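All of the numbers you see were taken from the coordinates with simple rules; none came from a lab. Quantities reported herein were computed from a predicted structural model and do not represent experimental measurements. No Cβ is skipped: glycine too gets one built from the backbone with ideal geometry, and neighbour counts run over all protein chains shown.
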Amino acid sequence: MSKKKRCTRKEQPQHFSLCDVKPLTYNQEDTFESWYNGQNLLLHGVAGTGKTFISLYLALEEILRRNYYKKVIIIRSVVPSRDMGFLPGNAQEKARIYEEPYREICDDLFGRGDGYDILRMKHMVEFTTTSFLRGMTFKDAIVIVDECQNMIMQELDTVITRMGDNSRIVFCGDFRQADLKTDREKSGLHTFMTILNDIKSFDRIEFGTDDIVRSGVVKDYILSKLQLGIV
C-alpha cells in the first residue's frame, strides 16, 4: 500500500502522531462510514485491498483521537504443523513472527521505525493468537481478527464470545487464501459469515479487484487468477 497516497502527516516524524489516512476506493469509503456509524465490521475479499491497514488505522484513530477505548487487540490464528513447528522457542515466542505485518503498518502510520514498539510499551496494542484466548474477556478494546480465513469455527466462536463491555470488533479475511486443509475446516468461515449477516451491529463489506491498492502487479496477478478460474 502506497504511503504517498494513503498517509499524510501534519507534524514532523519525530513526534508520535498518527498520520491522516483517506479511503482510496468506494469499499474503503464504505468501511470508514460504517465504522464511524458505530458498526462492527466483517471485511472480506481479495488480497491487497487494505483491509488490515485501514482496520488498524481506524482502531488507533479511535483510541488516540477520541479516547473512548483503551487498546487494540490483534488476534491471529496459526497453523502449528506447518508454520510454527520449525520456528525456535516456545509457542509465545514462535507467535512473535506473526506480529511483523502489524509492526510495519504501525511504523508507516506513525512515520517512524519504533511506532509499534511505542504502542506496545504504552499498552495501546496487544497481540495474541487464538491459542491463548480461553477465559479472557476483552473490555474497553477494539479487537482486530486478522486472516480469519485460517480459523476454524471453534476459534471464531471463541473470539467473538470473548467480547466484553465497551468493545468493538473487526474481522478481516478472504476464504480464497485459506491455509486450512479440509473442506469441513474451511466451511467454518462461511458459516460464521452467515451468522454475522444476521446481526444488526455488523456490516459486511466485500472487497474486489477494483479495491486493490497494494501494487499494479498484485492486481494483475489476481485478475489473471480469476480469469483462469484459479482460486
Percentage relative contact order, the chain, counting C-alpha pairs under 8 Å, at least six apart: 31
Residue order, fewest to most beta carbons within 10 Å, for 15, 44: 15, 44
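Within 10 Å of each residue's Cβ, count the other Cβ atoms and sort 7, 172 from fewest upward.
Values: 7 19, 172 24.
Fewest to most other Cβ atoms nearby, the residues stand as 7, 172.
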In order through the range 124-137: 3J(HN,Hα) via Karplus (6.51 cos²θ - 1.76 cosθ + 1.60), integer Hz, x for Gly, Pro: 8, 9, 10, 10, 8, 10, 5, 6, 10, 9, 4, x, 7, 10
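Using Cα-Cα distances under 8 Å and only pairs 6 or more residues apart, what relative contact order does the range 141-231 have, in percent? Mind showing how you got there, number by number?
Numbers: 73 pairs, mean separation 25.5, N = 91.
Computed over the range 141-231, the figure is 28 percent.
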Ranked 214, 134, criterion: other C-beta atoms within 10 Å, fewest first: 134, 214
